[in-house]
Structure formats: C-alpha cells, structure tokens
Amino acid sequence: MSPEEVVNAFCQALNQDLEASLVYIAADCIYQNMPFAPVHGPQGVRDTLAGFFAITGPVRIETLRQVAVGSLVMNERLDHFAPPTGRAFALPVAGAFEVHDGLITAWRDYFCMRQFAEGTGLAL
C-alpha cells in the first residue's frame with residue numbers, strides 16, 4: 001500500500017474499531033495531539049484514544065482534503081463525535097502522518113482546544 005492508502009485504511013478502521021486500527025501503527029510510532037505530550041507505539045495510541053473516546057464517544061472521520069508527498073500524508077478533516085453525555089459535534093482537525101514500510105511512524109493532529117471544550121462541555 002502507498003502511504004496515502006495506509007492513512008485511508010487506518011482512518012476507515014478507526015471509524016469502525018479502535019483495536020482494528022492499531023495494526024497500522026508502528027511499534028515506534030510517535031503520536032501527538034497538539035498541544036498535549038506525545039505518546040509512543042500502539043499502546044500509547046490506544047490509551048490516548050480510549051481516553052478521548054470515553055468523553056467523546058467513538059469517532060467518525062470525514063476527510064475533506066488530503067495530499068501525499070513521499071512518505072508524508074496530510075489531511076484536513078472533520079472528526080465527528082456523539083458524546084454519551086452531550087450532543088453531537090464535528091471537530092475540524094488537520095493531521096500529518098508519516099508512513100514507512102506500510103506503517104504509520106508519526107502522527108500529529110492539530111485542532112482548536114476551545115472547539116473541543118465546547119463540543120465536549122469540558123472546562124479546559
């Protein structure tokens with residue numbers, strides 16, 4: 001698979017099941033939701049996303065635009081959530097993925113904390 005196909009497959013899997021999506025994450029992957037601290041590997045991704053999903057409910061990723069140059073894939077997307085204790089919302093996200101040997105080795109997501117707080121009802 002090309003790097004873009006890996007990212008697309010990862011996002012599609014994440015729409016269905018967190019555990020299934022982790023097969024696309026390299027053992028040494030660095031994942032960072034800006035401005036939070038980075039986490040490492042599939043376990044770090046699992047723990048971080050499970051924590052988010054406990055608040056937001058599972059994600060449904062809608063990719064609006066995507067570009068790929070070599071091993072770098074960048075997308076602009078809406079991450080849709082339906083929190084168990086709130087109303088549904090869509091969070092605009094810009095993502096940067098680095099893919100090597102068919103696995104995501106780096107993943108950075110950029111989003112507005114104010115929009116996240118408003119969507120979840122959390123005071124951050």
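Among the candidates C29, C11, single out the residue that is closer than 14 Å to A106 by Cα and surrounded by 14 or more Cβ atoms within 10 Å (Cβ to Cβ).
Numbers: C11 fails: closer than 14 Å to A106 by Cα.
None of the other options fit; the residue is C29.
Just to verify a result, which residue in segment 65-90, among those that are touching a helix residue (DSSP H, G or I) at 6+ places or on another chain (Cβ under 6 Å) and either modelled with pLDDT of 90 or more or at positive phi (or both), is surrounded by the fewest Cβ atoms within 10 Å (Cβ to Cβ)?
Keep residues of segment 65-90 that are touching a helix residue (DSSP H, G or I) at 6+ places or on another chain (Cβ under 6 Å), which gives 68, 71, 73, 81, 83, 89.
Next, only the ones that are either modelled with pLDDT of 90 or more or at positive phi (or both) stay: 68, 71, 73, 81, 89.
Values: A68: 18, S71: 15, V73: 24, F81: 22, F89: 18.
Filtering segment 65-90 for residues that are touching a helix residue (DSSP H, G or I) at 6+ places or on another chain (Cβ under 6 Å) and either modelled with pLDDT of 90 or more or at positive phi (or both), the one surrounded by the fewest Cβ atoms within 10 Å (Cβ to Cβ) comes out as S71.
Contact map, segment 70-94: residues that are farther than 21 Å from A54 by Cα paired with residues that are of a type in the set (F, W, Y) and part of a strand (DSSP E or B), Cβ distance under 8 Å, separation 6+ or inter-chain. Pairs shown: L72/F97; V73/F97; M74/F97; N75/F97; A94/Y110. Across segment 38-64, the number of residues qualifying as surrounded by 14 or more Cβ atoms within 10 Å (Cβ to Cβ) and among the aliphatic types (A, V, I, L, M) comes to 6. The single condition among (1) over 17 Å from G119 (Cα atoms); (2) at pLDDT 95 or above; (3) of a type outside the set (G, A, S) that P35 does not satisfy is (2).
When segment 46-71 is examined, which residues are found to be within 19 Å of E5 (Cβ to Cβ) and of a type outside the set (S, T, Y)? Across segment 46-71, the qualifying residues are I61, E62, L64, R65, Q66, V67, A68, V69, G70.
Take the residues in segment 91-124 that are outside any helix (DSSP H, G or I) and farther than 23 Å from H40 by Cα, then tell me which one is modelled with the highest pLDDT. Can you show your working first?
Of the residues in segment 91-124, the ones outside any helix (DSSP H, G or I) are 91-112, 121-124.
Next cut, farther than 23 Å from H40 by Cα only: 91-92, 121-124.
Numbers: L91: 94, P92: 97, G121: 75, L122: 73, A123: 70, L124: 64.
Within segment 91-124, the match that is modelled with the highest pLDDT is P92.
The values are calculated or read from the model by the stated rules, or taken from the named source; none is laboratory data. As the structure is a prediction and not an experimental result, all values here were calculated from the model. With ideal geometry, Cβ positions are generated from the backbone for all residues, glycine too; neighbour counts draw on all protein chains shown.
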